[in-house]
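Q: Following this message is one structure expressed as structure tokens.
The values are calculated or read from the model by the stated rules, or taken from the named source; none is laboratory data. No experiment lies behind these values; they were computed from the predicted model shown. Here the Cβ positions follow ideal geometry from the backbone for every residue, glycine too, while neighbour counts run over all protein chains shown. Calculation scope for accessible area: heavy atoms of the full protein, side chains included, ligands and nucleic acids excluded. Shrake-Rupley method; radii C 1.70, N 1.55, O 1.52, S 1.80 Å.
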Amino acid sequence: MKNIAILGLGVVGKGTADLLEANKALIERRIGEPVNIKYILDLRDFPGTPYENKVVHDFSVILNDSEVELVAETMGGAHPAFDYSLAALKAGKCVVTSNKEVVATFGEELLAAARENGVSYAFEASVGGGIPIIRPLVTDFIANKIVEISGILNGTTNYILTEMKTKGKSYADALSEAQAKGYAEKDPTADVEGIDTCRKICILTGLASGILPDAKKVKTVGISAVDGTDVKLLEKNGYAVKLLGRMKLCDTVPCLIVAPFVCGNNSPLAHVDDVFNGITVCGNTLGQTMFYGRGAGADPTASAVANDILSILKDGKTSFAPAFVSEKDGDVLSSELFACRRYVRTSMAKADVEALLGAVCDLGGAYITEKELSEAEFDKFADKFDSSLRVL
Ligand code: HSE
């Protein structure tokens, strides 16, 4: 029998426990022996549930039990999730997590601790909910230089933008619904202001380039300032607005930004709606590949956590061992250098817009530039327009 512990019986932890129970027979067949949740760490008790006899309130019970091979950290937040994860790795226990804040902030240290102690630290559920993206990035692109990643990485904001676009719902109503469905973070600021997306694109960049960018240095613009007038005007012209986390490699140096982008109908990301996430990864020999699936919610995220648990129990303690190091000066380009085309809404004549931004495509009351402008270049003209957005 394989014994594991779950830290935190919230949306993801409970989803994981329920999944391991629901698929018990199939899991035993595939792993070759039963997988037993020996402990659940939580501040609460869960009387009358199947988990009431497993609940402990003291992490040291788990840490000191040599029968526990693996710990699933589904607590959220930086502390004590990081501290418990590090202690478990140092005690020779594998750790899997859905916690993007911990991976984006402490990933280098935790992966190093895993390697030093002959165990795995796996975090498939930290990006893209149920979509397998972490393991494919590590294993299936091994022969490619990854030159670009663009992703709709937050289910809550994609749900909100989709409801606003297709049903004309208010921002507040759509956000409440996303929270009720268990998509949103405890504090939805991390979702709507792009912080969650930023952590996720940093993790993907870390795996793709070997350098984990400092999320605090990445220019991050959320969706709270997206204007309904632009969403409607763009929709009429065949465009959708999506919150994207983007990484482009300039030679060998990554450059990142998080912001709402205008996506044309010819981009697969324009058609990723509702709670779904979509991630395009461009390899220098493979070209563009797309990953698509449910990006938030109990079941999809639990699926990714459980897959990590079972892959490690099946393939061995050291089976997942990616590596990256945290950004040092010069390792990552400033977001100010990120260049993309621009959408501007204005009553100015086309010729006047072109005098500032070069040739543009006319959308009727708004324009899209033909050339790419860096953040620094566009900022010189930004206040001349009623609104502006970046274009994928
Ligand atoms: N709040 C996150 C989202 C949860 O909406 O995508 C999944 O990471």
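Q: Of the numbered conditions (1) away from the ligand (no atom under 16 Å from the Cβ); (2) farther than 19 Å from A304 by Cα, P136 satisfies every one except a single condition; which is it?
A: (2)
Q: Would you mention how many residues in the range 324-343 are surrounded by 16 or more Cβ atoms within 10 Å (Cβ to Cβ) and of a type outside the set (G, A, S)?
A: So the count comes out to 10.
Q: Within the range 219-240, does at least one residue satisfy the condition of being within 16 Å of the ligand (Cβ to nearest atom) and assigned to a helix (DSSP H, G or I)?
A: Looking for residues that are within 16 Å of the ligand (Cβ to nearest atom) and assigned to a helix (DSSP H, G or I), one finds none in the range 219-240, hence no.
Q: State the number of residues belonging to the range 360-389 that are closer than 21 Å to E336 by Cα and open to solvent by less than 30 Å² (accessible area, probe 1.4 Å).
A: 9
Q: Among the residues of the range 93-113, how many are touching a residue at least 40 places away in the same chain (Cβ under 8 Å), in contact with a Ser or Thr (Cβ under 6 Å, 6 or more places away or on another chain) and either away from the ligand (no atom under 15 Å from the Cβ) or open to solvent by 10 Å² or more (accessible area, probe 1.4 Å) (or both)?
A: Qualifying residue count for the region: 4.
Q: Considering only the range 376-392, state which residues are in a strand (DSSP E or B) and either free of Cβ contacts under 8 Å to residues at least 40 places away in the same chain or among the hydrophobic types (A, V, I, L, M, F, W, C) (or both). Walk me through how you get there before you give the answer.
A: At the first step, the residues of the range 376-392 found to be in a strand (DSSP E or B) are 387-391.
Of everything in the range 376-392, those that are in a strand (DSSP E or B) and either free of Cβ contacts under 8 Å to residues at least 40 places away in the same chain or among the hydrophobic types (A, V, I, L, M, F, W, C) (or both) turn out to be L389, V391.
Q: Hey, any hits in the range 335-344 for a residue that's of a type in the set (S, T, Y) and over 26 Å from the mean Cα position of the chain (by Cα)?
A: So far as the range 335-344 goes, no, none of its residues is of a type in the set (S, T, Y) and over 26 Å from the mean Cα position of the chain (by Cα).
Q: Residues to consider are T162, T197; find the one that is under 15 Å from F276 (Cα atoms), at pLDDT 90 or above, open to solvent by less than 20 Å² (accessible area, probe 1.4 Å) and away from the ligand (no atom under 11 Å from the Cβ).
A: Of the residues listed, the single one that is under 15 Å from F276 (Cα atoms), at pLDDT 90 or above, open to solvent by less than 20 Å² (accessible area, probe 1.4 Å) and away from the ligand (no atom under 11 Å from the Cβ) is T162.
Q: State all residues of the range 169-191 that are open to solvent by 50 Å² or more (accessible area, probe 1.4 Å) and either in contact with a Lys or Arg (Cβ under 9 Å, 6 or more places away or on another chain) or part of a helix (DSSP H, G or I) (or both); if no residue qualifies, say none.
A: Y171, A172, D173, S176, E177, Q179, A180, T189
Q: Show the residue pairs that are 6+ apart or on different chains and have beta-carbon atoms under 7 Å apart, the first residue being within the range 61-78 and without any contact (Cβ under 8 Å) to a residue 24 or more places away in the chain, the second being open to solvent by 50 Å² or more (accessible area, probe 1.4 Å) and assigned to a strand (DSSP E or B).
A: From residues that are without any contact (Cβ under 8 Å) to a residue 24 or more places away in the chain, there are no pairs.
Q: Now for a separate question. Check I203 against each of (1) of a type in the set (V, I, T); (2) more than 10 Å from the ligand (Cβ to nearest atom); (3) open to solvent by less than 10 Å² (accessible area, probe 1.4 Å); (4) under 19 Å from K242 (Cα atoms) and name the one condition it does not meet.
A: Answer for I203: the failing condition is (4).
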